[in-house]
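*Asks:* I'd like to ask some things about the structure below.
The values are calculated or read from the model by the stated rules, or taken from the named source; none is laboratory data. As the structure is a computational prediction, the values presented were derived from the model and not from experiment. When we count neighbours, we look across all protein chains shown, and the Cβ atoms used for this are built from the backbone with ideal geometry, even at glycine. We work out accessible area using only protein heavy atoms, side chains counted, and drop any ligands, DNA or RNA first. Shrake-Rupley method; radii C 1.70, N 1.55, O 1.52, S 1.80 Å.
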Number of protein chains: 2
Amino acid sequence: MKKKDRIVIFALPGNEFIANRLSESLEAEKGQAEFRAFPDGESYVRVLSDVSDKKAVVICSLDKPNDKFLPLYFLCRGLEEMGANNICLVAPYLAYMRQDKAFNPGESVTSEHFGELISSTVDSLVTVDPHLHRRASLSEIYSIPNEVVHAADLIFEWITQNVENPILIGPDSESEQWVADVAQKANIPFTVLQKIRHGDADVEVSVPEIEKYMNHTPILIDDIISTARTMIETVRHLEGLGMKPAVCIGVHAVFADDALKDLLGTGIERIVTCNSIPHTTNDIDISELFVDFVSRIEGVQQSAALEQ
Amino acid sequence: MKKKDRIVIFALPGNEFIANRLSESLEAEKGQAEFRAFPDGESYVRVLSDVSDKKAVVICSLDKPNDKFLPLYFLCRGLEEMGANNICLVAPYLAYMRQDKAFNPGESVTSEHFGELISSTVDSLVTVDPHLHRRASLSEIYSIPNEVVHAADLIFEWITQNVENPILIGPDSESEQWVADVAQKANIPFTVLQKIRHGDADVEVSVPEIEKYMNHTPILIDDIISTARTMIETVRHLEGLGMKPAVCIGVHAVFADDALKDLLGTGIERIVTCNSIPHTTNDIDISELFVDFVSRIEGVQQSAALEQ
């Protein structure tokens, strides 16, 4: 049996673009499934493609995760019932990465709990730049075979093709590693905003050697743009320092409430995101990042089967 | 240790009324927990009461279940983490009871899947009149200790106290058992609407011996009022036959979309529901139905522990 006969790629509603791209790259069958909501708010899921003895790849970005989990779970259980021998979850955005410890007694460590729930729902997982703050690797939270892929190379490509004379700027020292990584690959200058806090409302901000960068376009990058408060604050500081309007780049376009409107209201040149979460600001396609893992996990399973 | 020291009763948001009533009846501690939504749509759950070595009772009605499951799951995992030795779910309304088989190939049997998910989340379950259509008992779907309690006695009480000269009417032969059960307890007459279908739009409707009931108030009862289509149709038939305006009673006030407005628009005398789902139409309190199971499951666990 040829490789393309053995993988079937399903998209939860809203994930069709990446599913189509991945299906093309892998020459894999696009899975057909029906998703409906009953008038009482319950979900209906039907698998229409033959998945018997095949690897089912399920694309489901997990932003606003609460009402997405059950349809995903029902699809996966349906795929299992229909004989899929492996279910690989491609979650371009992975939820519940922030509460990775109990900061106060009694706090539910949702990062671990969600990890266990997903690990019991699918057989393997690949995701883009999850918010690994206090954890060294995703395997500390997810017990299934998993891989983290990074958007940095694609962001570098985008900057090179779209911005003349860029200067990458990290909003604080915490961001330095992430920004430095992208900057090094892009072979463009980077620096970190220096802040000296004199009081709650009195913060002195500077950019080291700013005179060198007055004709550069500042680039701000963050992994998740949610409330965008840090980014908006940084944009205002740069404006105050007389720099050119910034280009803002986010990996994950979460955009809570009025975040996009507020960010655009600062007069930035442009806001661009990866398509890990479908959004009007998407301009960097991350579909290709999943090809290797999806092919490989398939290979691993196949080898294991042959050894038995 | 006294019984009231060993049970702590928690309410998911919206379930406070039943939690308070149950806490009073059982003389049990009311559990304190914090529920919040982050701007990105993720949930935060914190257990504030001491549950170490105690039985935690969690009240969570599961109407519109998709965005309720994760907060419930996180609370239960948090309770487990904090040392609760037993988690009993009181789900006044239980979701995902309809899709209890694959009517078409590939349909995810959500009834079973949801049952397995809940069974792995809590240790025991009690619910009111679940929609057991093709299943003889809840234990076919839920592997944990469980009990179904019935609202019929409370509905009978309500009718006796609130309606003069009632006549219970079943909309079709499928409803007869349910209506007959309530009618017998209420010691009031009941009958079933007779329908002869001459074509898609041509249905002849009659009430046997209708002349005896022209001064009675027709009572319509259904377990779930969701779209209310059947009830509205029945109300119209009764009106066409010249009967008095009906009193409509539902156990579970699901009320999808405009169902309540449409039902009220038919000119019924009143619509009344049990409070298994919080709703403006609630007038029958079902809290007391859970007392026995919650006490008993606690006793069973205690006995088991003593035997070890």
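*Asks:* Report the extension gain between A:Glu16 and A:Arg36 in nm, rounded to one decimal, defined as 0.36 nm multiplied by the number of residues separating them, less their alpha carbon distance.
*Replies:* 5.6 nm
*Asks:* Which shape class applies to the range A:152-284: rounded if a/c is under 1.5, otherwise prolate when a/b exceeds b/c and oblate if not, where a ≥ b ≥ c are the square roots of the Cα gyration tensor eigenvalues?
*Replies:* oblate
*Asks:* Long-range amide H contacts for A:Ile249: which residues qualify at under 5 Å (H placed 1.01 Å from N, peptide plane, sequence gap of 5 or more or a different chain)?
*Replies:* Under 5 Å from the amide H of A:Ile249 lie the amide H atoms of A:Leu220, A:Ile221, A:Asp222, A:Val272, each far enough along the sequence or on another chain.
*Asks:* A further question on this structure: In the range A:72-98, what residues drop by 40 Å² or more in accessible surface going from the chain by itself to the full protein assembly, probe 1.4 Å?
*Replies:* A:Tyr73, A:Phe74, A:Arg77, A:Glu81, A:Tyr96
*Asks:* While we're on this one: For B:Glu288 paired with B:Gln161, estimate the spin-label separation in nm (one decimal), with each label point 7 Å from Cα along the Cα-to-Cβ line.
*Replies:* Between B:Glu288 and B:Gln161, the label points sit 0.9 nm apart.
*Asks:* Still on this structure: Would you list, by chain and number, the aspartates and glutamates whose Cα falls below 15 Å from the Cα of A:Lys54, excluding same-chain residues fewer than 8 positions away?
*Replies:* List returned: A:Asp5, A:Glu27, A:Glu29, A:Glu80, A:Glu81, A:Asp123, A:Glu298.
*Asks:* May I pose another question? Is the shape of the protein assembly as shown best called rounded, prolate or oblate, per the rule: a/c under 1.5 gives rounded, else a/b larger than b/c gives prolate, else oblate, with a ≥ b ≥ c the square roots of the Cα gyration tensor eigenvalues? Numbers along the way, then the final one.
*Replies:* Numbers: a/c = 2.01, a/b = 1.85, b/c = 1.09.
It is prolate, given that a/c is not under 1.5 and a/b is the larger ratio.
*Asks:* Report the label-to-label distance for B:Asn85 and A:Ile196 in nanometres (one decimal), using points 7 Å from each Cα along the Cα→Cβ vector.
*Replies:* 6.1
*Asks:* Hey, another quick one. Find every distance from the label point of B:Phe103 to the corresponding label point in the other copies (7 Å from Cα along Cα→Cβ) and write them in nm, one decimal, shortest first.
*Replies:* Distances between equivalent label points, in nm: 4.7.
*Asks:* Note the angle between two axes, namely the Cα long axis of helix A:16-26 and the longest principal axis of the Cα atoms of chain A, as a number of degrees from 0 to 90, rounded to the nearest 10.
*Replies:* Helix A:16-26 sits roughly 70 degrees off the main axis of chain A.
*Asks:* Per q in 0.08, 0.09, 0.15 Å⁻¹, report the Debye log10 I(q)/I(0) for chain A, using one uniform scatterer on each alpha carbon and no solvent.
*Replies:* Summing over Cα pairs of chain A leads to -0.41, -0.51, -1.18.
*Asks:* Work out the length of the dipole vector of the range B:152-284 about its Cα centre, built from +1 on the beta-carbon of each Lys and Arg and -1 on the beta-carbon of each Asp and Glu, and round it to the nearest 20 debye.
*Replies:* 220
*Asks:* Taking R0 as 22 Å, what FRET efficiency do you get between B:Val203 and B:Glu140 from their Cβ-Cβ distance, rounded to the nearest 0.05?
*Replies:* After rounding, the FRET efficiency stands at 0.05.
*Asks:* What residue of chain A has the nearest C-beta to the axis that moves A onto B, and what is that distance in Å, given as a whole number?
*Replies:* In chain A, the Cβ lying nearest the symmetry axis toward B is A:Asp67, 2.
*Asks:* What residues qualify as long-range amide H neighbours of A:Val149, i.e. H under 5 Å apart, gap of 5 or more or another chain, H built at 1.01 Å from N?
*Replies:* HN-HN under 5 Å from A:Val149: A:Thr127, A:Val128, A:Asp129.
*Asks:* With chain B treated as a Gaussian network of Cα nodes joined by springs under 10 Å, which of B:Asn15, B:Asn66, B:Asn85 yields the largest mean-square fluctuation?
*Replies:* B:Asn66
*Asks:* Could you report the buried accessible area between A and B, both sides summed, computed with a 1.4 Å probe and given in Å² to the nearest 100?
*Replies:* Buried area (both sides, nearest 100 Å²): 3800 Å².
*Asks:* Quick check on chain B: helices-only [θ] at 222 nm, where DSSP H runs of length 4 and up contribute -39,500 (n - 2.57) each and the sum goes over total residues. Nearest 500, please.
*Replies:* -9500 deg cm²/dmol
*Asks:* With θ set to phi - 60° and the Karplus curve 6.51 cos²θ - 1.76 cosθ + 1.60, what are the ³J(HN,Hα) couplings of the range B:229-240 in order, to the nearest whole Hz, using x for Gly and Pro?
*Replies:* After applying 6.51 cos²θ - 1.76 cosθ + 1.60, I find 4, 4, 5, 4, 4, 5, 4, 5, 4, 5, 4, x Hz.
*Asks:* For the range B:192-220 and the range A:206-273, compute the distance between their C-alpha centroids and round to whole Å.
*Replies:* Using only Cα atoms, the two centres lie 69 Å from each other.
*Asks:* Out of B:Asp257, B:Asp153, B:Asp172, any idea which swings most in a Gaussian network model of chain B, alpha carbons joined below 10 Å?
*Replies:* With Cα springs under 10 Å in chain B, the top fluctuation among B:Asp257, B:Asp153, B:Asp172 is at B:Asp257.
*Asks:* In sequence order, what are the phi-derived ³J(HN,Hα) couplings for the range B:151-157 according to the Karplus relation 6.51 cos²θ - 1.76 cosθ + 1.60 with θ = phi - 60°, rounded to whole Hz, with x for glycine and proline?
*Replies:* 3J(HN,Hα) across the range B:151-157, in whole Hz: 8, 3, 4, 6, 5, 4, 4.
*Asks:* In whole Å, how far is the Cα centre of the range B:10-29 from that of the range A:14-56?
*Replies:* Their Cα centres are 42 Å away from one another.
*Asks:* Tell me, what % of the accessible area of chain A is carbon and sulfur with a 1.4 angstrom probe?
*Replies:* Carbon with sulfur: 46 percent of the solvent-accessible area.
*Asks:* Can you list, largest first and rounded to whole Å, the semi-axes you get for the range A:35-124 by taking the square root of 5 times each eigenvalue of its Cα gyration tensor?
*Replies:* For the range A:35-124, the ellipsoid semi-axes come out as 27, 16, 10 Å.
*Asks:* If contacts are Cα pairs under 8 angstrom and at least 6 residues apart, what is the relative contact order of the range A:20-172 in percent?
*Replies:* It rounds to 16 percent for the range A:20-172.
*Asks:* Antiparallel as a % of all DSSP beta bridges within the range A:152-284, to the nearest 5?
*Replies:* Taking every DSSP beta bridge with both residues in the range A:152-284, the antiparallel ones total about 20 percent.
*Asks:* Ok, one more. If R₀ is 41 angstrom, what is the calculated FRET efficiency for the pair A:Ser25 and B:Glu116, using the beta carbon separation as r and rounding to 0.05?
*Replies:* 0.75
*Asks:* Moving on to the next point. Could you report the range A:152-284's accessible area per residue, 1.4 Å probe, as an integer in Å²?
*Replies:* Working: 6420 Å² over 133 residues.
Ligands and nucleic acids excluded, the result is 48 Å² per residue.
*Asks:* In addition: Taking each label point as 7 Å beyond Cα in the direction of the beta carbon, state the distances from A:Asp258 to the same residue in the other copies, shortest first, in nm.
*Replies:* Distances to the matching label points in the other copies: 3.3 nm.
*Asks:* Highest GNM mean-square fluctuation, chain B, Cα pairs closer than 10 Å: which of B:Val57, B:Val148, B:Val203?
*Replies:* In this elastic network of chain B, the residue with the biggest mean-square fluctuation among B:Val57, B:Val148, B:Val203 is B:Val203.
*Asks:* Roughly how tilted is helix B:291-307, in degrees to the nearest 10 and between 0 and 90, from the longest Cα axis of chain B?
*Replies:* Approximately 30 degrees, to the nearest 10.
*Asks:* Something else now. Along Cα→Cβ, 7 Å out, is where each label goes; now give me the distance between the ones at A:Asp172 and B:Leu264 in nm to one decimal.
*Replies:* Using points 7 Å along Cα→Cβ, the separation is 5.0 nm.
*Asks:* Next up: So the label point sits 7 Å from Cα along the Cα-to-Cβ vector; using that for B:Met214, what distances do you get to the other copies, in nanometres, sorted shortest first?
*Replies:* Inter-copy label distances (nm, one decimal, shortest first): 9.8.
*Asks:* Residue by residue, what Karplus-based ³J(HN,Hα) values in Hz, rounded to whole numbers, does the range B:108-121 have, using 6.51, -1.76 and 1.60 with θ = phi - 60° and x for Gly and Pro?
*Replies:* Whole-Hz 3J(HN,Hα) from phi for the range B:108-121: 6, 7, 4, 4, 5, 5, 5, x, 5, 5, 5, 5, 8, 9.
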